[in-house]
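I have placed the structure first, in the form of structure tokens, so that the comments after it can refer back to it.
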2 protein chains.
Amino acid sequence: MIDHEVQFKKFLQKQGLKLTRNRARILEAAFSVHEHFDAEKLYDLIKADNVSLATVYRTLPLLLEAGLITRTVRIGGRDRFEHILGHPRHAHWLCENCHAVIETDLSALLPAINKEARALKFDIQNISINISGLCWKCKGGANDSQ
Amino acid sequence: MIDHEVQFKKFLQKQGLKLTRNRARILEAAFSVHEHFDAEKLYDLIKADNVSLATVYRTLPLLLEAGLITRTVRIGGRDRFEHILGHPRHAHWLCENCHAVIETDLSALLPAINKEARALKFDIQNISINISGLCWKCKGGANDSQ
DNA sequence: TTTCATTTGAGAATCATTTGCAACAAAGAC
DNA sequence: GTCTTTGTTGCAAATGATTCTCAAATGAAA
Ligand SMILES: [Mn+2]
Ligand SMILES: [Mn+2]
Ligand SMILES: [Zn+2]
Ligand SMILES: [Zn+2]
């Protein structure tokens with residue numbers, strides 16, 4: 001059993017829940033994708049195994065609570081996620097025009113954030129830094145690509 | 001005409017749009033609320049003036065583009081906003097348990113962010129820093145308030 | 001006041017996400 | 001193994017925020 005499966009199982013057991021075949025399949029799919037994904041994307045990857053879209057939707061909150069995935073930039077009215085293990089935290093720069101997503105390292109900001117958390121006695125589960133605007137390509141004219 | 005009305009009118013004219021009574025009313029409502037608000041909240045404030053919810057929804061993107069409001073933490077499936085003028089940028093700390101929202105100054109982070117923007121040649125329109133987790137009240141037990 | 005483009009209210013349409021429910025599967029006790 | 005209990009799932013229907021359609025209203029300019 002791989003790293004993140006162990007972590008998921010541990011989390012589920014703590015809640016009196018079970019690591020079923022479907023949930024393992026969804027977890028595996030989430031870690032097979034190395035970009036941002038939405039519910040539908042995972043569903044496409046595993047629907048051949050008779051996993052329903054409803055189950056994907058029911059499992060995503062579990063993966064979030066377990067700290068295995070994180071919510072990222074919302075595009076086109078759909079919630080998007082990315083897996084965490086082996087993925088250092090990063091900021092997202094979203095171009096409003098072409099919807100390009102650029103990722104940058106977060107290490108320069110973390111010390112200040114953690115300091116603030118200590119002051120607030122806040123228990124951080126997820127840090128989301130999203131900066132929207134225009135990428136260098138779209139900066140000039142008012143294109144309409146994508 | 002107040003500061004933000006001037007700015008809105010200028011923005012609208014640049015797009016060949018008009019500063020109508022309804023749009024002015026919505027803008028005014030947005031600046032009368034000193035917390036986060038959603039479309040429905042603004043609607044409640046002005047429906048007595050026969051402004052429709054559809055018009056509120058149509059105006060919010062204009063206020064965003066005009067740089068008068070910004071999108072904040074999404075709660076309960078609803079987009080939420082806050083006005084900008086006279087509101088220094090700040091980070092949002094959202095408690096997953098009681099949905100409390102704490103705001104903290106952003107000035108410690110801005111230099112690093114602006115530096116990165118310069119490197120990326122990215123034109124920043126909006127910075128959104130949302131940290132979720134448990135506030136000090138909810139940290140201990142697994143309450144279920146709110 | 002005539003003209004023409006923009007705006008608006010009302011209600012229908014969208015569409016991601018959630019839910020109810022009856023059939024199923026996991027896991028522990030025997 | 002078999003029984004029992006409790007959590008899980010597929011399916012289809014429900015939900016609900018946001019968007020859209022369209023005909024009537026309004027604004028600005030001439
Ligand atoms: Mn990412
Ligand atoms: Mn705020
Ligand atoms: Zn772009
Ligand atoms: Zn709390």
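The values are calculated or read from the model by the stated rules, or taken from the named source; none is laboratory data. It should be emphasised that the depicted structure is a prediction, and the values quoted were computed from it without experimental measurement. Heads up, the Cβs are rebuilt from the backbone with ideal geometry, glycines too, and the neighbour counts pull from every protein chain shown. When the accessible area is computed, the model is the full protein with side chains, heavy atoms only, and any ligands, DNA or RNA have been set aside. Shrake-Rupley method; radii C 1.70, N 1.55, O 1.52, S 1.80 Å.
All of (1) surrounded by fewer than 17 Cβ atoms within 10 Å (Cβ to Cβ); (2) in contact with an Asp or Glu (Cβ under 7 Å, 6 or more places away or on another chain) hold for A:L27 with one exception: (1). Filtered by the rule that a residue be part of a helix (DSSP H, G or I), more than 28 Å from B:V101 (Cβ to Cβ) and open to solvent by 30 Å² or more (accessible area, probe 1.4 Å), region B:1-15 gives B:V6, B:K9, B:K10, B:Q13, B:K14. When we screen B:E103, B:E40, B:E65 for residues that are within 16 Å of ligand 3 (Cβ to nearest atom) and either under 27 Å from A:Q125 (Cα atoms) or not basic (K, R) (or both), the only hit is B:E65. For region B:36-84, the tally of residues that are closer than 21 Å to B:T104 by Cα and assigned to a strand (DSSP E or B) stands at 8.
Every condition in (1) open to solvent by 60 Å² or more (accessible area, probe 1.4 Å); (2) farther than 19 Å from A:A24 by Cα is met by A:Y57 except one, and the failing one is (2).
Of all residues in region A:67-112, count the ones that are open to solvent by 70 Å² or more (accessible area, probe 1.4 Å) and within 15 Å of the chain's Cα centre (by Cα). Here the count works out to 7.
Of the residues that make up region B:113-130, is at least one more than 21 Å from A:E96 (Cα to Cα) and buried (at least 19 other Cβ atoms within 10 Å of the Cβ)?
There is no residue in region B:113-130 that is more than 21 Å from A:E96 (Cα to Cα) and buried (at least 19 other Cβ atoms within 10 Å of the Cβ).
Note on region A:85-125: residues that are in a strand (DSSP E or B) and more than 10 Å from every other protein chain (Cβ to nearest Cβ) amount to 3. Checked against the criteria, B:K18 counts as of a type in the set (K, R), at pLDDT 95 or above, open to solvent by 20 Å² or more (accessible area, probe 1.4 Å) and not in a helix (DSSP H, G or I).
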